[in-house]
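So the structure is just underneath, and the comments pick up after that.
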Amino acid sequence: MDQEKNRVLVCAGAGCVSSGCKAVARAFREAMKEAGLDNKVEVVETGCIGACDLGPAVVVVRDGTFYQHVAPRDVPDIVESHLRAGRPVERLFHRSPATGVPEAKLEDMGFFRGQTKVVLRNCGLIDPLKIDDYIARRGYEALAKVLTSMTPEQVIQEVKDSGLRGRGGAGFPTGVKWMLTARAEGRPKYVVCNADEGDPGAFMDRSVLEGDPHSVIEAMIIAGYAVGSDQGFVYVRAEYPLAIERLSHAIAEARERGFLGDSILGSGFRFDLEIRVGAGAFVCGEETALIASIEGRRGMPRPRPPFPATAGLWGKPTLINNVETYANIAPIILNGAEWFKRLGTERSPGTKVFALAGKINNTGLVEVPIGTPLRTIIEEIGGGIPGGKKFKAAQTGGPSGGCIPAQFLDVPMDYDSLVSLGAMMGSGGLIVMDEETCMVDIAKFFLQFTQDESCGKCVPCREGTKAMLDILDRITRGEGQEGDIELLEELGNTIKKTALCGLGQTAPNPVLSTLRYFRDEYEAHVREKRCPAGVCRALAPYVIHLDKCRGCGRCVKVCPVDAIYPVELPAAAGDEGRARRRPPYAIDASKCIKCGACVAECRLGAISR
């Protein structure tokens, strides 16, 4: 049997590590040894497979069987029943959220079936700590092609022809950025990878570095050759220890094999890489702030121009792309620009990785051709909304993005379509919200994040976001006033026009997009002192359900403002002569201070909001 197909893949991305995958892998190795299979079946700890809520996840490569939520106690069953006897263990299969039907194999699962993997082509399939695994899947073949048969100008032209746009947020044409850096005067030149992924809910870049670090290393070497650089830096946030560990190991392996250092593959071209660890400041995702941090200064943006391509790191020409952008380079070089352009749309070729999270049945990493409708991602790949609830909105682009409401569920997920809706692709965070989500509260959450993370350098971002947040705080406390909504719009539009960097300019987006599509919710909060979703505590009234209340009076005793009173119900026909039941209670909303004491005291679950 082919050795590659004698593999058991244990997902060892950060999510599965936290849920115990290491113990599962050890259990497999022990069980294999006891069963005499240790020389026939290899246990491989991979990067993230993608289905992050199903971990620890295990895949038997021989037949593609996928097991979810595997614990060490399940391993003997898999080894004895499946690997020895050929009978898969059905109780560990994933089940369709819609039908409950078992889905035994990766290709059976809607989550995987709808994806097209370019960036994530190796994640979950190879051992990230073994360079030979990467080489076996055409790793470093693109580098060899570039160094032996292409000029730097031809490499840049191929990237330009592909139409690849930067996947870090703004979508600037990658080939153009490479060309500008190559043409810029000054030596030395630098190649930088922006792995400072700070959006709430985003983990695309982290997963690539954890699961396929050589794809980024290879691409940065190619970029160095193309623009005339012999030194690269990968800027990673300190909160990614597993990514740093695996990337460090991969750099050492690449250097040992001759892919980094002097005269790579005997070509005479020299290139080397170093890792720089950031302290986790969100603003360091902005290019000029990232440069300042690498140089040892406080991470704060500066006005542009000059752009990094002409005056970047230590004042020298610097090429900066993010992890996902680099991960596309080797496939483009190997397969050609025309192949890449067949994926995605005319203006936005290729695929995009999204971190799908929130009120959705299937969460995790999703890679689809750009232009895939949001509905396809939500309903087919994501498996729909849990509990039969309705889709309300999706936040794209993290705190710099905007909300897409249900009426645009069929919008193609491409750069231009999202911008027209007041949202943006961003780095790829995609948070799904159902009917029980308060859009004012969501806007406040994201603005709180950007306000906390503001570097404070420019007044519009430092003071403007604080003023907007103060208004949102008042509105969600039930203290909103006429004119607050209009003031939010005025402040938001002013910040967009005057903030120093892209992060400040996009900070108001969550507020402006929710005002655009959910203005009625803001008006309910301000004018009716009511939160339609029942989320904002100060605006959500407590209610006693008469059919559940037994009149015990426990809630009355703990209410500090005497807001609870008995309700006399009319006697039902046929009740004459029976012992009269104690009357249920009700809450006077005008007195209630919403402290929650009654809810905590009620043993019948008769009080809710």
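Bear in mind that the values in this text are calculations on the coordinates, not laboratory data. Everything numeric here is computed off the predicted structure, so don't read it as measured data. No Cβ is skipped: glycine too gets one built from the backbone with ideal geometry, and neighbour counts run over all protein chains shown.
Classified by the C-alpha gyration tensor, the range 439-527 has a prolate form. Its axis ratio a/c, with a ≥ b ≥ c, is 1.5 or above, and a/b is larger than b/c.
Taking a ≥ b ≥ c as the square roots of the eigenvalues of the alpha-carbon gyration tensor, the range 131-340 is classed rounded because a/c is under 1.5.
Among 379-391, 172-184, sorting by the average number of other beta carbon atoms lying within 10 angstrom of each residue, highest first, gives 172-184, 379-391. Okay, which of the range 550-568 sit inside 18 Å, backbone N to the point 7 Å along the Cα-Cβ direction of Arg603? It comes to 550-559, nothing else. Summarising the strand pairing of the range 131-340, around 10 percent of its internal DSSP beta bridges are antiparallel.
Using the average count of surrounding beta-carbon atoms within 10 Å as a protection proxy, the listed peptides 421-431, 154-164 rank, highest first, as 421-431, 154-164. Of the GluC sites (Glu not before Pro) found in the range 182-223, the ones in coil according to DSSP and having at most 12 other Cβ atoms within 10 Å of their Cβ are Glu185. About the centre of its Cα atoms, the range 131-340 shows a dipole size close to 660 debye [charges on the beta carbon of Lys, Arg (+1) and Asp, Glu (-1) only; nearest 20 debye]. Counting only DSSP beta bridges with both residues in the chain, what percent are antiparallel, rounded to the nearest 5? If I count the DSSP bridges inside the chain, around 55 percent turn out antiparallel. Axis of helix 465-476 versus longest Cα principal axis of the chain: the two differ by about 30°, to the nearest ten degrees.
What is the range 119-216 by shape, rounded, prolate or oblate, if you read a ≥ b ≥ c off the alpha carbon gyration tensor as root eigenvalues and call it rounded for a/c under 1.5, prolate for a/b larger than b/c, and oblate otherwise? Cα axes put the range 119-216 in the oblate bin.
Summary of packing: across the peptides 281-290, 592-601, the per-residue average of other C-beta atoms within 10 Å ranks them, highest first, as 281-290, 592-601.
Here the sum of -39500 (n - 2.57) over DSSP H runs of 4 or more residues, divided by the residues of the chain, equals -9500 deg cm²/dmol at 222 nm, to the nearest 500.
The GluC sites (Glu not before Pro) of the range 308-360 meeting both criteria, a DSSP state outside H, G, I, E and B (loop) and at most 12 other C-beta atoms within 10 angstrom of the site's C-beta, are Glu346.
Each DSSP beta bridge with both residues in the range 3-109 is either parallel or antiparallel, and the antiparallel ones are about 65%.
Annotation for the range 298-334 versus the range 481-498: alpha-carbon center distance of 33 Å. Over the range 480-548, what portion of Cα pair distances is larger than 16 Å, expressed as a whole percent? Within the range 480-548, distances greater than 16 Å cover 58 percent of Cα pairs.
Among the listed pairs Lys392/Lys529; Lys359/Lys466; Lys392/Lys548; Lys390/Lys529; Lys145/Lys177; Lys444/Lys557, those whose Cα-Cα separation exceeds 27 Å are Lys359/Lys466; Lys392/Lys548; Lys444/Lys557.
List the GluC sites (Glu not before Pro) in the range 452-491 that DSSP assigns to loop (not H, G, I, E or B) and whose Cβ has at most 16 other Cβ atoms within 10 Å. Which are they? Here the GluC sites (Glu not before Pro) that fit, given the DSSP loop and packing criteria, are Glu479, Glu482.
Length available on full extension from Lys557 to Leu569: 0.36 nm per residue minus the Cα-Cα distance, which gives 2.2 nm. Multiplying the residue separation of Glu80 and Arg537 by 0.36 nm and removing their Cα-Cα distance gives an extension gain of 159.2 nm. Between the alpha-carbon centres of the range 415-452 and the range 1-78 there is a gap of 36 Å. Farthest towards the positive end of the charge dipole of the chain, among the residues Leu143, Phe271, Ile291, is the Cα of Ile291, using unit charges on the Cβ of Lys, Arg, Asp and Glu.
Within the shell of other residues whose beta carbon sits under 10 angstrom from the beta carbon of Gly534, the net charge comes to +2, with Lys and Arg scored +1 and Asp and Glu -1. Normalised radius of gyration (Cα atoms, divided by 2.2 N^0.38 Å) for the range 1-151: 1.11.
Straight-distance candidates among the aspartates and glutamates for linking to Lys160, with alpha-carbon spacing under 13 Å and chain neighbours fewer than 8 residues away dropped: Glu338.
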